[in-house]
Amino acid sequence: MKATEVLADLKRRFPNEPEYIQAVEEVITTIEDTYNEYPEFERYNLIERLCIPDRIFSFRVSWVDDKGQVRNNMGWRIQHNNAIGPYKGGIRFHSSVNQSILKFLAFEQTFKNSLTTLAMGGAKGGSDFSPRGKSDMEVMRFCQAFIQELWRQIGADTDVPAGDIGVGGREVGYMYGMYKKMARENTGTFTGKGREFGGSLIRPEATGYGNVYFLLNMLQTRGIDIAGKRVAISGSGNVATYTAEKLISLGAKVVSLSDSDGTVVIPDGLTQEQMDYVFRLKNIYRGRIREFAEEYELPYHPGERPWQIVDCDIAMPSATQNELDGDDARALLKQGVIAVSEGANMPSTPDAIKEFLAARILYAPGKAANAGGVSVSGLEMAQNSQKLSWSAEEVDSKLRQIMADIHHQCELFGKESDGFVNYVKGANVAGFMKVARAMMAQGIL
């Protein structure tokens with residue numbers, strides 16, 4: 001397999017899907033040497049089968065707003081690969097959603113789920129509908145219309161969706177309620193559900209907590225303590241806020257949060273009182289980070305991301321894809337950043353990744369560092385199938401172990417001759433080999 005030839009063919013066949021091509025390129029260029037050690041992979045054209053999704057569902061979603069006007073959006077579900085378990089991946093509601101973004105997310109999800117050691121394949125779905133500015137009733141009507149189109153394609157042993165950007169507990173609840181009504185079953189098909197109807201403790205916290213646990217494992221390899229370190233975080237949703245909460249508990253200083261409108265800088269570090277305010281603002285009032293800045297008279301930078309405006313030791317991009325570019329990476333390295341751990345999916349551009357790897361800092365790609373969310377989703381699936389409910393301590397203990405296991409796999413496959421761990425290569429090779437072996441064992445499907 002020559003990565004350049006595979007990429008050229010995919011670009012020809014999917015010319016208008018840059019995010020998908022970017023994700024594929026990041027993986028296959030790092031696994032090329034390993035892939036070529038197994039001639040049987042090439043005989044069965046495994047790389048092409050792995051890059052192209054098993055199936056794609058696309059559909060119109062018609063719903064009625066509060067003024068009685070009929071509105072129309074597009075919906076998708078990308079079922080990428082189920083070699084190691086049922087399709088598993090979130091649903092994203094945002095105006096930027098398109099098929100290319102969802103194909104990249106589903107491709108990444110396949111390897112991320114492989115790394116968790118749990119039996120889950122990869123999928124992703126979503127719509128160009130944005131919940132922002134919509135009433136609860138409008139959101140409910142949209143979610144119900146979305147699931148009316150999708151419910152036949154999902155199920156507890158087939159495809160298990162969860163939340164993502166724009167899809168929190170409210171949206172999952174509405175979608176699961178309609179799925180249960182249409183399918184006439186109560187099997188826990190969605191994860192991220194409310195605690196009262198099958199949800200797992202610490203599921204909302206899991207991606208943020210898991211990212212911090214992975215970061216701690218990385219820092220430990222160099223004997224670095226997190227206490228007192230200045231950490232820049234982008235975003236202010238579940239991933240960002242629970243990352244911040246865990247860091248505060250460990251003695252780190254969180255010096256930024258952001259949303260799509262701008263960034264707030266917290267020079268002295270986020271306090272627990274301020275953290276509580278952000279939770280209320282975002283989760284109850286669905287407010288903007290600008291309001292937090294105004295409440296505490298903190299510097300606010302409209303339209304900017306944190307990376308070139310804050311002084312930090314560690315960066316944890318936790319908002320969205322391609323939010324940290326080459327210029328941002330160079331700015332972070334210039335100020336002496338020692339680690340970057342991704343809470344979002346593919347938040348660093350290829351140029352940024354090259355800068356981090358060339359500088360030999362600790363850099364954790366999202367498919368490894370943010371796997372905590374889907375890991376606890378897998379644990380939620382296990383609890384649902386057994387009709388059990390585990391304590392927060394049990395779930396957190398399992399999450400810590402899973403993140404440690406992921407870190408170990410990255411070290412195993414990513415350690416170079418000089419001792420430097422290339423976590424990008426390690427995560428890609430480890431995730432790939434498990435899926436590849438499963439696909440080979442099951443024949444050409």
statement: For residue 85, the residues 5 or more places away or on another chain with a placed amide H closer than 5 Å to its own amide H are 121
- prompt: Quick one: length gained pulling residue 42 to residue 57 fully straight, 0.36 nm per residue minus the C-alpha distance?
  reply: 2.5 nm
- prompt: For residue 347, what charge total do you get from the other residues with a beta carbon under 11 Å from its beta carbon, if Lys and Arg give +1 and Asp and Glu give -1?
  reply: -3
- request: Among 135, 22, 158, flag the residue with its Cα farthest along the positive direction of the charge dipole of region 3-186, charges on Cβ as +1 for Lys/Arg and -1 for Asp/Glu.
  value: 135
query: Can you give the alpha-carbon Rg of region 371-420 over 2.2 N^0.38 Å, where N counts its residues?
result: 1.49
- line: Averaging 1/r across every pair of distinct alpha carbons in region 3-186 and inverting yields a Kirkwood hydrodynamic radius, in angstrom, of 17.4 Å
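From the Cα gyration tensor of region 258-308, with a ≥ b ≥ c the square roots of its eigenvalues, which class applies: rounded if a/c is under 1.5, or else prolate if a/b is larger than b/c, or else oblate? Working shown, then result.
Numbers: a/c = 1.94, a/b = 1.23, b/c = 1.58.
Here region 258-308 falls in the oblate category.
Between the DSSP loop rule and a limit of at most 13 other Cβ atoms within 10 Å, which trypsin sites (Lys or Arg not before Pro) in region 49-113 are left?
Numbers: sites: 49, 55, 60, 67, 71, 77, 88, 92, 103, 112; in loops: 67.
For trypsin sites (Lys or Arg not before Pro) across region 49-113 that sit outside H, G, I, E and B with at most 13 neighbouring Cβ atoms in 10 Å, the list reads 67.
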task: Quote the charge dipole size of the chain about the Cα centre in Debye, to the nearest 20; the model charges only the Cβ of Lys and Arg (+1) and of Asp and Glu (-1).
output: 1220 debye
- prompt: Any idea which of 45, 106, 147 is furthest toward the positive side of the dipole for region 3-186, if Lys and Arg beta-carbons carry +1 and Asp and Glu beta-carbons -1?
  reply: 147
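Using the membrane-span-like helix rule (whole DSSP H runs, Cα extent along the own axis of at least 30 Å, mean Kyte-Doolittle hydropathy at least 1.6), which helices of the chain qualify? Let's see the in-between values first.
Details: long enough: 392-414 (32 Å, -0.39).
Flagged H segments: there are none.
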- request: If a/c stays under 1.5 just call it rounded; otherwise compare a/b with b/c (prolate if a/b is bigger, oblate if not). Do that for region 280-380, with a ≥ b ≥ c from the square roots of the Cα gyration tensor eigenvalues.
  value: oblate
- prompt: Between region 382-430 and region 1-66, what's the alpha-carbon centroid distance in Å?
  reply: 24 Å
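State whether region 206-364 is rounded, prolate or oblate according to the following rule on the C-alpha gyration tensor (a ≥ b ≥ c being the square roots of its eigenvalues): a/c under 1.5 gives rounded; otherwise a/b larger than b/c gives prolate, and the remaining case gives oblate. List each step's numbers first, then the result.
Values: a/c = 1.69, a/b = 1.35, b/c = 1.25.
Note, shape of region 206-364 comes out prolate.
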Positive-end residue, region 206-364 charge dipole about Cα centroid, Cβ charges, pick of 219, 271, 236: 219
- prompt: For the pair residue 272 and residue 158, how long in nm is the line joining their label points, each one 7 Å along Cα→Cβ?
  reply: 4.7 nm
statement: Applied in sequence order to region 58-66, the curve 6.51 cos²θ - 1.76 cosθ + 1.60 (Karplus, θ = phi - 60°) yields integer Hz couplings, x standing for Gly and Pro, of 10, 7, 7, 10, 9, 8, 10, 7, 5
query: Taking amide H positions as placed 1.01 Å from N in the peptide plane, with prolines and chain starts having none, which residues 5 or more places from residue 230, or on another chain, fall under 5 Å of its amide H?
result: 253, 313, 314
- prompt: How big is region 151-297 by Rg and Dmax over its Cα atoms, in Å?
  reply: 17.9, 54
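List the trypsin sites (Lys or Arg not before Pro) within region 247-324 that fall in a DSSP loop (any state other than H, G, I, E or B) and whose Cβ has at most 15 other Cβ atoms within 10 Å. The partial results should precede the final answer.
Numbers: sites: 253, 280, 282, 286, 288, 290; in loops: 286, 288.
Passing both the DSSP loop test and the Cβ count: 286.
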Net charge dipole size for region 310-359 [Lys, Arg +1 and Asp, Glu -1 on Cβ; Debye, nearest 20]: 120 debye
statement: Those GluC sites (Glu not before Pro) from region 253-340 that are DSSP loop and have at most 11 other Cβ neighbours within 10 Å turn out to be 297
message: Give me, ordered by chain and number, the residues 5 or more places off residue 364 or on other chains with an amide H under 5 Å from its own placed amide H.
response: 340, 341, 342
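Quick one: pull the percentage of alpha-carbon pairs in region 291-445 with a separation above 19 Å. Each step should come with its number before you reach the end.
Working: 7601 of 11935 pairs.
When every Cα pair of region 291-445 is considered, 64 percent fall beyond 19 Å.
Treating the beta-carbon of each Lys and Arg as +1 and of each Asp and Glu as -1, no other charges, what is the dipole magnitude of region 252-332 about its Cα centre, to the nearest 20 debye?
Once rounded to the nearest 20, the dipole reads 260 debye.
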query: Taking K and R as +1 and D and E as -1, what net charge do the other residues with C-beta under 15 Å from the C-beta of residue 53 add up to?
result: +1
query: Using alpha-carbon positions, what is the distance between the centroids of region 71-116 and region 209-234, in Å?
result: 28 Å
task: Put one equal scatterer on each alpha carbon of the chain, apply the Debye formula with no solvent term, and list log10 I(q)/I(0) at q = 0.08, 0.10, 0.13 1/Å to two decimals.
output: -0.42, -0.67, -1.19
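No value in this document is a laboratory result; all are computed from the given coordinates. It should be emphasised that the depicted structure is a prediction, and the values quoted were computed from it without experimental measurement. Here the Cβ is made from the backbone with ideal geometry for all residues, glycine too, and neighbour counts use every protein chain on show.
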